[in-house]
Amino acid sequence: MAIAEETKAELAEIAARYPRARSGIVPMLHLVQSVEGYVSQEGMQAVAGVLDLTVAEVAAVATFYTMFKMRPVGEHHVAVCVNPQCGILGGDRIWEVLSDELGVGNGGTTDDGKVTLERIECQAACTNAPVMTADWEFLDNMTVERARDIVSRLRAGDPVQSTRGPLIRSFKATARSLSGIEDDGLADQGGNNATDEMLAGLRVAQARGMVSPDGRSSNRSDSESGRVK
Ligand code: FES
């Protein structure tokens, strides 16, 4: 599908935010991904045109990062972390059950086009393992039953709230937010949601008066570190 002039203008707007325009390539790829639900050949051509790069140079970036998809993704992208911490605590079982129920393997999309299922690597969220994401929003401390319920609600179009932030919207909507072209009012959704598990290390360091090698104290308050529960 041809990239619309409006999208090309937004690509140029993103590129203009950077002292070196090509530094905008990642958010620009998110923007083209938001148009068709993947990074299409036409999308890469549009990015290359704005940045005066070859399509091969754009493709080298697009194929490096796993958040960029080279095939169409369903309305929702549901991912299950199967790295050891999550896998051992239930992620492996969650993956098996969802894969069976949806009838798709890794990267597969359901026949109704609603869900693309993927196995993913560690999301640096192990304190709340096992972890899933829906359209890249976190779903913490999953169980098989909660995972099944969430996927069923997404397929039915019922609202699903991320455990750390906003309502789940769609893969395309998240891609548009990640492009930075607009924040969609998401920045303040979800409030402050640092959990006790996330802050445990900081609190131990504070209790022991630990300092970093550059001399910075760990004894800042939680509010100073921007992580008030
Ligand atoms: S292993 Fe799943 S978030 Fe780290």
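Among the residues of the range 147-161, those identified as in contact with a strand residue (DSSP E or B) (Cβ under 9 Å, 6 or more places away or on another chain) and away from the ligand (no atom under 16 Å from the Cβ) are I150, V151, L154, R155, P159, V160, Q161. A single member of V80, V32, V104 is at pLDDT 95 or above and within 15 Å of the ligand (Cβ to nearest atom), and it is V80. When residues in the range 130-141 are screened for being more than 10 Å from the ligand (Cβ to nearest atom) and outside any strand (DSSP E or B), 3 of them pass. Applying a threshold of 9 Å to beta carbon distances and a minimum spacing of six or more residues, or different chains, the list of pairs starting in the range 1-27 at a residue that is in contact (Cβ under 8 Å) with a residue 40 or more places away in the chain and ending at one that is among the basic types (K, R) reads P27/R17. Restricting attention to the range 83-100, the residues being closer than 13 Å to R146 by Cβ and either more than 9 Å from the ligand (Cβ to nearest atom) or among the β-branched types (V, I, T) (or both) number 5.
Those residues that are among the β-branched types (V, I, T), touching a Leu at 6+ places or on another chain (Cβ under 7 Å) and in a loop (DSSP other than H, G, I, E, B), I need them from the range 142-173; list them, please. Residues satisfying the conditions are V160, T163, I168.
In this structure, does A124 turn out to be within 16 Å of the ligand (Cβ to nearest atom), part of a loop (DSSP other than H, G, I, E, B) and aliphatic (A, V, I, L, M)? So A124 passes the test. Scanning the range 58-68 for residues that are more than 24 Å from R148 (Cα to Cα) and either within 16 Å of the ligand (Cβ to nearest atom) or crowded, with 16+ Cβ neighbours inside 10 Å (or both) turns up V58, A59, V61, A62, T66, F68. Taking every residue in the range 126-151 that is in the same structural domain as S99 (by TED's automatic domain parsing) and pairing it with any residue that is more than 11 Å from the ligand (Cβ to nearest atom) and among the acidic types (D, E), at least 6 positions away or on another chain, the pairs with Cβ-Cβ distances below 8 Å are T127/E197; N128/E197; R148/E101; V151/E101.
The values are calculated or read from the model by the stated rules, or taken from the named source; none is laboratory data. No experiment lies behind these values; they were computed from the predicted model shown. Methodologically, a virtual Cβ is constructed for each residue, glycine included, from the backbone with ideal geometry; neighbour enumeration extends over all protein chains shown.
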